[in-house]
Amino acid sequence: MKIAIPLFEERISPHFDYAPALLLVLVDRGEIMHSHELALEQNNPAERIAYLKTFGVDTLICGGISREMQGLITAQHITIIPWVTGEAQEALQLFLKGRLDPGTILCPGRKRRWRFCTTPRRRKEPH
């Protein structure tokens, strides 16, 4: 299995569409066999997706991602775990343990998830 994580320094890039680098990780039987960082100079969606396909990426762990890009990537049979925030290596370790969910916020010492409200909160009217 090959995993890609868009980077901004050591952290997961806030948005895949504009990430300057990519961490590529080869995993076999739950163990990291090889990893390396590559510059990600391709800026249009088709080039970025072709780049992922060239390296045989199976899974993309990322922060934000546009709907257009997400649709194009999933059409290439690449699994996406989006809206993950924090250190790339920590996210990778959680993924290998089967504990990385979309929307995970990685903070030192704890794991949280974003919570999206399905209905707007109503303001209380003053009495």
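For the range 13-29, the Karplus equation 6.51 cos²θ - 1.76 cosθ + 1.60, evaluated at θ = phi - 60°, returns couplings of 4, x, 8, 4, 4, 10, 4, x, 8, 9, 9, 9, 10, 9, 10, 10, 6 Hz by residue, with Gly and Pro reported as x. Residues whose amide H falls under 5 Å from that of residue 8, counting only those 5 or more places apart or on a different chain, are 13, with hydrogens built in the peptide plane.
Between residue 86 and 12, 106, the built amide H atoms are under 5 Å apart, and every one of these is 5 or more places off in sequence or on another chain.
Mean separation of Cα pairs under 8 Å and 6+ residues apart, divided by the residue count of the range 10-73: what relative contact order is that in percent? RCO, the range 10-73: 39 percent. Going from the residue with the fewest nearby Cβ atoms within 10 Å to the one with the most, 69, 1 rank 1, 69.
Each residue of the range 89-103 was assigned a 3J(HN,Hα) from its phi angle through the Karplus expression (A = 6.51, B = -1.76, C = 1.60, θ = phi - 60°), giving 5, 5, 4, 4, 5, 5, 4, 4, 8, x, 10, 9, 10, x, x Hz with x at Gly and Pro. Arranged from fewest to most other beta-carbon atoms within 10 Å of their beta carbon, 107, 62 become 107, 62. A cut-off of 5 Å between modelled amide H atoms, ignoring neighbours fewer than 5 places along the same chain, links residue 64 with 15, 16, 83. Of the residues 34, 15, the one with the fewest other Cβ atoms within 10 Å heads the list, and the complete ranking is 34, 15.
Values in this text are rule-based calculations from the coordinates and carry no lab data. Since we're looking at a predicted model, the values are computed, not measured. Virtual Cβ from ideal backbone geometry, glycine too; neighbours counted across all protein chains shown.
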